[in-house]
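> Okay, handing you the structure first.
Read-outs: derived from the displayed coordinates by stated rules, not from any lab. Keep in mind that this is a model prediction, so the values were computed, not measured. Methodologically, a virtual Cβ is constructed for each residue, glycine included, from the backbone with ideal geometry; neighbour enumeration extends over all protein chains shown.
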Amino acid sequence: MNIILLGPPGAGKGTQAQRLEKTYKIVQISTGDMLRARKKAGDALGQELSSIMAAGNLVPDVLIIRMLAERIEQPDAANGFILDGFPRTVPQAEALDAMLVSKDLKLAAVIELKVDEEELVQRIAGRYSCAKCGSGYHDLYQKPEKTGVCDKCGATEFIRREDDKPEAVRNRLKVYHDQTAPILPYYTAKGLLQTVDGMAPIDDVSHAIESLLKKVA
């Protein structure tokens, strides 16, 4: 089963992808992780990627599709994959379709996690983590049992990501709307797009996704 998860930053795609991995024995594929791993490998393609990224340029779609094609041939992707963070544009979606056709593969579903954006800003802006062990917390939804003390390691220093600040989150949402949202009609036209309430409790979101997938499995 091959699935794409769509939704703005903070919609919960990563959490749901991890759950789908366990339920369906398929692999989550992050293009960002692929790029970093390939750079570290230092082979010819890795060196080419390093040069492109060092110059501050975007990696061409053709290279991403090439890496993705190689990745889904690995044994752990035999039962299928979940794409989180790709495709981001209509040309990438078209290139992905062409690559899958060449391998006699197809998408089972494209699932959009729909969110209330102002609530999403609060959700993301409230996140912070332990500076020592990295355990995650939230101002409203997941506070440490003892205020100011990490539940896991007992440390008392916490950090917040710069890109989790409200103004940064709103900018990321704008980028999503400008670049990625246009692929929603593309997948709607193909009869693949399904929408789930991404603001629901995590377990409810998981159940909704599983219900959709039972219909297309």
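> Output the 0 to 90 degree angle, nearest 10, between the alpha-carbon long axis of helix 31-41 and the longest principal axis computed from the alpha carbons of the chain.
Once rounded, one gets 80 degrees.
> Quick one: Debye curve from the C-alpha atoms of the stretch 18-68, no solvent, what's log10 I(q)/I(0) at q = 0.16, 0.17, 0.24 Å⁻¹?
-0.51, -0.56, -0.86
> Let me ask you something else. Which distance in Å, rounded to a whole number, links the C-alpha centroids of the stretch 25-41 and the stretch 110-183?
Their Cα centres are 23 Å away from one another.
> Using DSSP loop states and a limit of at most 11 other Cβ atoms within 10 Å to flag GluC sites (Glu not before Pro), what is the longest stretch of the chain containing no flagged site?
Numbers: sites that count: GLU73, GLU145, GLU157.
Free of exposed loop sites, the longest segment is 1-72.
> Please compute the volume of the convex hull spanned by the alpha-carbon atoms of the stretch 113-217 and report it per residue in Å³. Working shown, then result.
Values: hull volume 13.5 nm³, N = 105.
Convex hull of Cα atoms, per residue: 128 Å³.
> Also, quick follow-up: Could you give me the radius of gyration and the Dmax of the stretch 1-147, taking only the C-alpha atoms into account and expressing both in angstrom?
17.6, 55
> Counting only DSSP beta bridges with both residues in the stretch 71-217, what percent are antiparallel, rounded to the nearest 5?
Of the beta bridges lying entirely in the stretch 71-217, close to 60 percent run antiparallel.
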